[in-house]
Amino acid sequence: MSDKKHYFITTAIDYANSKPHIGHAYEKVTADIIARYKRLKGYEVYFSTGTDEHSLNVMAKAKETGVDPKAYVDNIAVAFKDLCTQYKITITDFVQTSEVRHAKAVSEIFRRCFETGDIYKGTYEGWYCKSCESFYAQGELTEDNCCPTHKSKADLIKEDNYFLKITKYTDKLLKHIEDNPDFIQPETRRNEILAMLKSGFRDVSVSRPGLNWGIPLPVDHTQTVYVWFDALINYATAAGFATDEEKFKKYWPADAHIIGKDITKFHCIIWPIMLMSAGLALPKKVFGHGFLLNKGEKMSKTRGNIVDPVNIANVFGVDVIRYYFAANITNGSDGEFSEDSIILCYNTDLANDLGNLINRSLNMVEKYCGAKVPQYYETILDDKMKAIVEQAKQLHKVYGERMDVFNLSGSLDAAWDLISMANKLIEDEAPWNLQKNNKIHELETVLYILLEVIRLVSIVILPVMPDTASRIWAKLGVNYDEKTIIIDEELHFGKLAKGGAVAKGDPLFPRILDEKEAEKLKALKEKTLK
Ligand code: MSP
């Protein structure tokens, strides 16, 4: 194993009761951008996702389609793996909770908690929502006894369960959250969890009786492990818990769990307490992102307002959707997702701002400098040139600070500020006039600045739009490779070698034509998941 510093990042694992939707793609892209960024910072990244398979809905769906639950989930897992491939998600592991390695990890953690005396038998009497597989107190439901998240009827149940002593650990957890402001992010999520803990959090059921799809309790084979206790352990499974001690020692605790805001209660209260009870270290950070909305409503299968991630990426291209997620949705907040807003974002940010800058700049370098990177004369900088060079010199710092707190849109803003300045510089300096007036040093310096801005921007967008970045590198004639590039060395103004050959080639983002787009969208809507 290498001695490189390492970083273990995870997404939630998705319910395997239906095909992936765009919300799943959003979460995976968010985590992937962070994973790629960490690699650029020199980390060896372990990145896991997977499918949550022991749910009641899976059992129902398998029965409905007449197949064995295992065959059913294996089929769905393929769809999620394909989604990762299509969206260029650089995972290193995919955990299916029906795998043997996972059953080993779950049994061992259950056994540890049981032996610590933190799991006891009791009777649960109350509400249960099959969609989120959650137990609810009466007061948490809507007036007509519906789940607050899914708006579907909850079931009133009474059954013997094993319970985990949450109450034994709440003070310790509160202290941990208060002492470690980074543990739960963003701040709104942290405050919600603190309020939940302070208002009193009851012990939770960790088993269900009479189900034949799930992991049997090591201490009572008439019960299976409750699906959330089971699913949360996937992170330990990925790190090698109970199967590969050396690997587990290396990667545990996880550096970051990237999850949606609907499941922070499980990740920030139940999961840490399971780990405390089992004597394992807590994850360093849980980041609860927001929801993709459709006209203000959460997109979900239950609400029937979802977009098929496969079709939309086929229409616009994966890089465009990845960029849209990162640039247009503030990480941690909800964001609208619609075809219209993607078109607007494409036309303005990608075609107008970035695409135009590259086209115009390379055009001029071909025309005025024989398609060679020109010289840069620092002594002749005027105020406008100085301002953009100064801003470019700040990029490494600003970008790093924003990415380190998972502020993805902020990191792109830093690049787009430079792009705007560069486009403005073209207008202000009018290189064609400099050429006409034989101001060759000024002309070359302006063009060098433009090429440098493009190179710097290509590095910033690399984790977000990997294909676009390498297409830009081909145009600039730089021989970067995502696997070897080190951001701390390259994200500095002035590194572009003078005299290198550039090639304008095809435009990167031709502007979307409205009519063509309408046709594509029509086809897309017809294919949207039923
Ligand atoms: N199986 C559980 C998670 C177990 S993790 C130990 C689950 N599955 S899910 O399929 O319902 O959701 C998986 C992830 O996708 C969650 O983090 C959830 O918040 C996220 N999203 C589901 N719908 C979403 C949107 N509309 N928008 C953004 N993310 C969404 O919960």
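Readers should treat all values here as calculations from the given coordinates under stated rules, not as data from a laboratory. Source: prediction; values computed, not measured. Virtual Cβ from ideal backbone geometry, glycine too; neighbours counted across all protein chains shown.
Some notes on this structure:
- The mean of 1/r over all distinct Cα pairs in the chain, once inverted, gives the Kirkwood hydrodynamic radius of 25.2 Å.
- For Asp52, distant residues with modelled amide H under 5 Å away: Asp14, Tyr15, Ala16
- Treating each Cα of region 370-448 as an identical point scatterer and summing with the Debye formula, the log10 of I(q)/I(0) at q = 0.11, 0.14, 0.18 Å⁻¹ comes to -0.36, -0.54, -0.78.
- Anchor Lys104: aspartates and glutamates whose Cα lies under 12 Å away (excluding residues fewer than 8 positions away in-chain): Asp230, Asp244
- Per-peptide average of other Cβ atoms within 10 Å, ordering 208-215, 223-230, 169-176 highest first: 223-230, 208-215, 169-176
- Kirkwood Rh (inverse of mean 1/r, distinct Cα pairs), region 268-380, angstrom: 18.4
- When each of the peptides 262-272, 340-350 is scored by how many other beta carbons lie within 10 Å of its residues on average, the order from highest to lowest is 262-272, 340-350.
- Isotropic mean projected area of the C-alpha convex hull, region 155-225 (nm²): 6.8
- Value of D in µm² per second that Stokes-Einstein yields for region 193-244, Kirkwood Rh from Cα pairs, at 20 °C (1.002 mPa s): 166
- Taking every DSSP helix (H) stretch of at least 4 residues in the chain, weighting each as -39,500 (n - 2.57) and dividing the sum by the residue count yields a mean residue ellipticity at 222 nm of -15000 deg cm²/dmol.
- Rel. contact order, % - alpha carbon contacts under 8 angstrom, at least six apart, the chain: 15
- Working note: Karplus 6.51/-1.76/1.60 with θ = phi - 60° gives region 233-248 the couplings 5, 3, 5, 5, 4, 4, 7, x, 4, 6, 10, 8, 4, 5, 5, 4 Hz, where Gly and Pro are set to x.
- Amide H partners (placed H, <5 Å) of Ile157, local residues excluded: Gly126, Trp127, Tyr128
- Local electrostatic count, Glu429, Cβ distance below 10 Å [Lys/Arg +1, Asp/Glu -1]: -1
- Order of Tyr251, Tyr26, Tyr43 - criterion: other Cβ atoms within 10 Å of each residue's Cβ, fewest first: Tyr43, Tyr251, Tyr26
- For the chain, taking a cut-off of 4.7 Å between Cβ atoms, the unpaired cysteines are Cys84, Cys113, Cys132, Cys146, Cys268, Cys345, Cys369.
- The relative contact order of region 1-62, computed from alpha carbon pairs under 8 Å that lie at least 6 residues apart in sequence, is 54 percent.
- Prolate/oblate/rounded label for region 46-104 (Cα gyration tensor, a/c 1.5): oblate
- Gyration tensor (Cα) of region 393-486, equivalent ellipsoid semi-axes in angstrom: 28, 16, 10
- As a rough footprinting exposure proxy, the listed residues Met465, Met421 were ranked by other beta carbons within 10 Å of their own, and the order from fewest upward is Met421, Met465.
- Global geometry of region 47-147, whether rounded, prolate or oblate, following the gyration tensor of its Cα atoms and the 1.5 cut on a/c: oblate
- Net charge over other residues, Cβ less than 14 angstrom from the Cβ of Thr170 (K, R count +1; D, E count -1): +3
- Under Stokes-Einstein, with the Kirkwood radius over Cα pairs as Rh, the value for region 204-336 at 10 °C and 1.306 mPa s is 90 µm²/s.
- Share antiparallel - DSSP beta bridges, the chain, percent rounded to 5: 50
- Along region 431-444 the Karplus relation, 6.51 cos²θ - 1.76 cosθ + 1.60 evaluated at θ = phi - 60°, assigns HN-Hα couplings of x, 4, 6, 4, 5, 4, 8, 6, 8, 5, 5, 5, 4, 5 Hz to successive residues, with x for each Gly and Pro.
- The rule of thumb for compact globular proteins, 2.2 N^0.38 Å, goes into the C-alpha radius of gyration of region 93-197 1.31 times.
- Qualifying lysines (Cα of each under 21 Å from Cα of Lys372; at least 8 residues distant if same chain): Lys436, Lys439, Lys475, Lys495, Lys498, Lys504
- Around Cys268: net Lys/Arg minus Asp/Glu count, Cβ-Cβ under 10 Å: +2
- The phi torsions of region 454-470, fed into the Karplus equation with coefficients 6.51, -1.76 and 1.60 and a -60° offset, translate into couplings of 5, 5, 5, 4, 4, 6, 5, 7, 3, x, 8, 10, x, 5, 4, 4, 6 Hz, rounded to whole numbers, with Gly and Pro shown as x.
- Distance between the C-alpha centres of region 359-408 and region 49-124: 48 Å, rounded to the whole angstrom.
- Residue order for Phe337, Phe163, Phe47, fewest other beta carbons within 10 angstrom first, comes to Phe163, Phe337, Phe47.
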